[in-house]
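Q: First, the structure itself, so that you have it in front of you.
Every number in this text was worked out from the coordinates using simple rules, so none of it is lab data. It should be emphasised that the depicted structure is a prediction, and the values quoted were computed from it without experimental measurement. In this analysis, Cβ positions are derived from the backbone assuming ideal geometry, glycine residues included, and neighbour counts consider all displayed protein chains.
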Amino acid sequence: MSELIVYQYSKCGTCRNAVKSLQAKGHQLELKPVFEAPPSKTELENLINLSGIELKKFFNTSGEVYKEMGLKDKLAGMSREEQIELLASNGRLIKRPIVTDGKTVTVGFKEEMFEQAWGNH
């Protein structure tokens with residue numbers, strides 16, 4: 001089985017469910033605390049490029065910090081570089097969990113998505 005890196009928050013129910021799902025599939029996990037140690041700009045750039053997912057999907061749009069900062073209205077006016085810097089500066093802005101094996105990246109947790117991405121490894 002592959003070793004996966006999981007950027008997560010241990011008190012997040014969705015993250016706990018994702019970790020359980022991956023462990024049940026037999027994966028070795030390296031858990032990274034996204035709040036205490038958010039991925040660097042370079043790591044985020046890699047994750048975004050590998051994922052094929054648009055950058056805005058990496059933002060935790062239902063989080064308090066996102067709302068407090070009024071990012072719903074501000075993101076469109078920010079450059080890609082500025083958005084990535086913002087994500088790297090505050091792990092609470094990052095949608096979680098982010099899971100990667102260095103080739104594939106998933107953001108968030110849906111069992112069907114995990115089955116497709118991580119079920120056959």
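Q: Could you give the length gained on full extension between residue 49 and residue 104, defined as 0.36 nm per residue of separation minus the Cα-Cα distance, in nm? Don't jump to the answer; show the numbers that get you there.
A: On the way: separation 55, 0.36 × 55 = 19.80 nm, distance 0.99 nm.
Taking residue 49 through residue 104 to full extension adds about 18.8 nm, to one decimal.
Q: I'd like the antiparallel share, as a percent to the nearest 5, of DSSP beta bridges with both residues in the chain.
A: Here the antiparallel bridges make up roughly 55 percent for the chain.
Q: Step through the residues of segment 42-54 one at a time and calculate ³J(HN,Hα) from phi using the Karplus curve (6.51 cos²θ - 1.76 cosθ + 1.60, θ = phi - 60°), rounding each to whole Hz and writing x for Gly and Pro.
A: The phi angles translate into 5, 4, 4, 4, 4, 4, 5, 5, 5, 6, x, 9, 5 Hz.
Q: On full extension of the chain, what length is gained from residue 79 through residue 28, given 0.36 nm per residue of separation minus the C-alpha to C-alpha distance?
A: Full extension of this stretch gives 14.8 nm more.
Q: Hey, for a label at residue 16 modelled as a point 7 Å past Cα toward Cβ, could you say which residues of segment 62-99 have their backbone N under 17 Å away?
A: 96-97
Q: For segment 3-118, what is the Kirkwood hydrodynamic radius in Å, using each pair of distinct C-alpha atoms?
A: Numbers: mean 1/r = 0.0699 Å⁻¹.
14.3 Å is the Kirkwood radius here.
Q: Follow-up. Using the structure shown, select from 11/72; 25/103; 25/57; 32/72 the pairs with a Cα to Cα distance greater than 21 angstrom.
A: Beyond 21 Å: 11/72; 25/57; 32/72.
Q: Kindly put 114, 58, 35 in sequence by how many other C-beta atoms sit within 10 Å of each C-beta, fewest to most. The partial results should precede the final answer.
A: On the way: 114 20, 58 23, 35 16.
Taking fewest neighbouring Cβ atoms as first place, the list is 35, 114, 58.
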